[in-house]
Amino acid sequence: MADFLGLREGERTAFFIDGANLYKAARNLGFDIDYKSLLAKTQSSCQLVRASYYTAIQEDRDQDYSPLRPLVDWLDYNGYTMVTKTTREFTDQQGRKRFKGSTDIELVVDMMLLADRLDHIVIFSGNGDFRRAIEAVQAKGLRVSVVSTVKSSPPMASDELRRQADSFLDLADLEKAIGRSGGPQRKPAREQNDYDDDIENNFEDDFEEVD
């Protein structure tokens, strides 16, 4: 597919997908990601070295089951490299059970380890904490693209991340290319509020379904 995500034929490329962040961005825009289509179009557009998906997983201690497990297993069997971490359980101020977990460190470490084998990195996240890591791999001569959105309410991509990246692709413009058919109807824009790059994974409904 010509000019898909700004990919170049023969360019050694790797995807680093911040699972929770990408899911929230797509959910705020009202569609699901078609990961099968994303991988196929990428493989036909560049020399894909690796497509890595990072997520924290809530394991239910009573049922020994995570709502993310079907997605994680599907991606693992269909060409993605999975990097997972078990969430930490805590109780919030209202006495409700919550789960928190982050794979940001794992993503950055893998990106740095793989950098010398790449020409182009695509990060699916709007988290501004990745800005310094992007700057570091750019210093090695790599081109870095960021996929997130500023068209949701609130916007999911931090300004500093957009400025640091060599190119920014808004997820809203990619719906026809990588949106999954049969996904939820587009939601109306919500009232604007402040967005915190450091997203906490509550995992009450932060999971995706895979056909």
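Every number in this text was worked out from the coordinates using simple rules, so none of it is lab data. Treat the numbers as computed from the prediction; the structure is a model and nothing was measured. Please note: Cβ atoms are built from the backbone with ideal geometry, for glycine as well, and neighbour counts cover all protein chains shown.
Checking the Cα-Cα distances for Lys24/Lys176; Lys36/Lys176; Lys100/Lys151; Lys41/Lys140 against a 23 Å cut-off, the pairs over it are Lys100/Lys151; Lys41/Lys140.
Over region 7-178, what relative contact order in percent results from Cα pairs under 8 Å that are six or more residues apart? Spell out each step's value before the answer.
On the way: 298 pairs, mean separation 44.1, N = 172.
Relative contact order, region 7-178: 26 percent.
Each other residue within a Cβ distance under 11 Å of Leu48 adds +1 if Lys or Arg and -1 if Asp or Glu, for a net charge of +2. Counting other Cβ atoms within 10 Å as a rough exposure proxy, the listed residues Ile134, Ile105 run Ile105, Ile134 from fewest neighbours to most. Under a model in which nothing but the beta-carbon of Lys, Arg (+1) and Asp, Glu (-1) is charged, region 7-178 shows a dipole of about 180 debye around its Cα centre. As a proxy for reagent exposure, ranking Glu135, Glu9 by other Cβ atoms within 10 Å from fewest up yields Glu9, Glu135. In terms of surrounding Cβ atoms within a 10 Å radius of their Cβ, Thr91, Thr86 rank from fewest to most as Thr91, Thr86. Neighbours of Phe168, meaning other residues whose beta-carbon lies under 13 angstrom from its beta-carbon, give a summed charge of 0 when Lys and Arg score +1 and Asp and Glu score -1. If we count every other residue with Cβ under 14 angstrom of Glu106's Cβ, Lys/Arg +1 and Asp/Glu -1, where does the sum land? Residues near Glu106 contribute -2 overall.
With a/c under 1.5 counting as rounded, go ahead and sort region 1-46 into rounded, prolate or oblate using the C-alpha gyration tensor (a ≥ b ≥ c being the square roots of the eigenvalues; past the cut-off, prolate if a/b is larger than b/c, else oblate).
It comes out prolate by the Cα gyration axes.
Find the eigenvalues of the gyration tensor of the Cα atoms of region 7-178, then list the square roots of 5 times those eigenvalues as equivalent ellipsoid semi-axes, largest first, in whole angstrom.
On the way: eigenvalues 142, 66, 57 Å².
Equivalent ellipsoid semi-axes, largest first: 27, 18, 17 Å.
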